[in-house]
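Structure, as structure tokens:
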Amino acid sequence: MQDITFEGLETTDRRLRELADDLGYVSLAEVTGRHSCEALGRADFSATDLAPYLVEVEPSELGELAEIGDLDDPSNEELARAASRWVRQAAAANMAGRATAKFKVCLWRPKGDALLHSARFVARNPMHLEADEADDYPLVAAPQPTVAAPMPQPAMIVGPEERVWGALGDGYTRLIALAQGTYSHIAGLQNTAIVVLNGQNQRLQRLVEELSGDLIQLKIGAYEVESGRRTDDGEAKVREELGRQFISELGTLGRVVASAKLGLSPELVELFETVNASPELLDALRSPDVRRLLKDEKTRKELAELLKMAAAAPTDAPPAKDPAPPVEEELRKAA
């Protein structure tokens, strides 16, 4: 790692010391594109993960140093220097024989709830740079192979990570298809429900209109019946009043005309005049109960007998005196 140089890590080393009290972990990723990175690893900002990097030694000697007791409780500044060493060694381990590589380092709070610092840096390997420069000499063209048959291509080895991503892609595709099918089914159910409810609303509206029309006709009929009844009662009362005035004002002439025109006897006309002259008698005859009694033949006979008895009773006889009490009679005898 001594041959590899790093450009742009000075600011990150300083921020590691400044943010040592708030750090949770450090992450490292390789920059593979303008907006893409491939994660390489992370190290918690603790003595557990950074113990091999607390002393600046070669990796082969870290096993013996890990057993030293005074490294169990390092300070935050020592942890910051150890984190810087971890970043450099992790980047150097991922150079993979390349001359240059770009990396991105991030400083996070505990649980990764906030990013405190991020920076990109470049790692260079001088030895590979010299090899790349030596490759600039002109090359001698190799002779064409005499075998015309194409060489077999090696079989592609699919790693577990590619299989996982393929399975995730298939699952995502099926999930999208299922979601679209579910949405289409729900939309179809909603359309069907809307059509059914619309039909029911139209039928109910027609039924309400029919009931409203029937109710209006009933009210009109009831009003006409009531109006006709009031008209009939008014006409009957008018006729009765006119007849009463006619009989009372015309006197004997009216009775004669009524007898001639209506075919009534003079006695009946006189009876009508007598009844018409008594409001109490008219009210009694207008009563439905009285008319119902007069329709009964037995009641009419009894009423006729009663009227005859009342007419046969003497009207000139003096009223009978009450008999004297027995005490007064005794006193009279004694006197």
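The values are calculated or read from the model by the stated rules, or taken from the named source; none is laboratory data. Here the structure is a predicted model, which is why all the values come from computation and not from measurement. Here the Cβ is made from the backbone with ideal geometry for all residues, glycine too, and neighbour counts use every protein chain on show.
Can you tell me which residue in the stretch 90-99 is nearest to GLY8 (Cα to Cα), limited to those that are touching a residue at least 12 places away in the same chain (Cβ under 8 Å) and exposed (fewer than 15 other Cβ atoms within 10 Å of the Cβ)?
ARG98
Out of the stretch 285-322, which residues are among the acidic types (Asp, Glu) and either at pLDDT 85 or above or in the same structural domain as LEU271 (by TED's automatic domain parsing) (or both)?
ASP289, ASP296, GLU297, GLU302, GLU305, listed by residue number.
Please work out which one of (1) outside any helix (DSSP H, G or I); (2) at pLDDT 90 or above is the condition VAL57 fails and give its number.
(2)
So LEU115 passes all but one of these: (1) surrounded by 10 or more Cβ atoms within 10 Å (Cβ to Cβ); (2) modelled with pLDDT under 90. Which condition number does it fail?
Only one criterion is unmet by LEU115, namely (2).
Can you pull out the residues in the stretch 7-49 that are surrounded by fewer than 17 Cβ atoms within 10 Å (Cβ to Cβ), closer than 17 Å to PRO74 by Cα and of a type outside the set (A, V, I, L, M, F, W, C)?
Result: ARG17, GLU18, ASP21, ASP22, ASP44, SER46, THR48.
This table checks each residue for (1) modelled with pLDDT of 90 or more; (2) touching a helix residue (DSSP H, G or I) at 6+ places or on another chain (Cβ under 9 Å); (3) in a loop (DSSP other than H, G, I, E, B).
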| site | (1), (2), (3) |
| --- | --- |
| LEU107 | yes, yes, no |
| LYS111 | no, no, no |
| PRO145 | no, no, yes |
| ALA149 | no, no, yes |
| ARG163 | no, no, no |
| GLY166 | no, no, no |
| ILE176 | yes, no, no |
| ASN201 | yes, no, no |
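Report whether or not ALA193 is more than 30 Å from LEU16 (Cα to Cα) and at pLDDT below 90.
Spelling it out, it is not the case that ALA193 is more than 30 Å from LEU16 (Cα to Cα) and at pLDDT below 90.
Each row is one residue, and each column tells you yes or no for (1) outside the structural domain of VAL55 (by TED's automatic domain parsing); (2) hydrophobic (A, V, I, L, M, F, W, C); (3) over 57 Å from the mean Cα position of the chain (by Cα); (4) under 23 Å from ASP21 (Cβ atoms).
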site: ARG81; (1), (2), (3), (4): no, no, yes, yes
site: ALA92; (1), (2), (3), (4): no, yes, yes, no
site: ALA96; (1), (2), (3), (4): no, yes, yes, no
site: ARG109; (1), (2), (3), (4): no, no, no, yes
site: LEU115; (1), (2), (3), (4): no, yes, no, yes
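Considering the stretch 1-30 alone, what residues qualify as being in contact with a strand residue (DSSP E or B) (Cβ under 8 Å, 6 or more places away or on another chain), among the aliphatic types (A, V, I, L, M) and either outside the structural domain of VAL87 (by TED's automatic domain parsing) or under 27 Å from ARG98 (Cβ atoms) (or both)?
Of everything in the stretch 1-30, those that are in contact with a strand residue (DSSP E or B) (Cβ under 8 Å, 6 or more places away or on another chain), among the aliphatic types (A, V, I, L, M) and either outside the structural domain of VAL87 (by TED's automatic domain parsing) or under 27 Å from ARG98 (Cβ atoms) (or both) turn out to be ILE4, LEU9, LEU16, VAL26, LEU28, ALA29.
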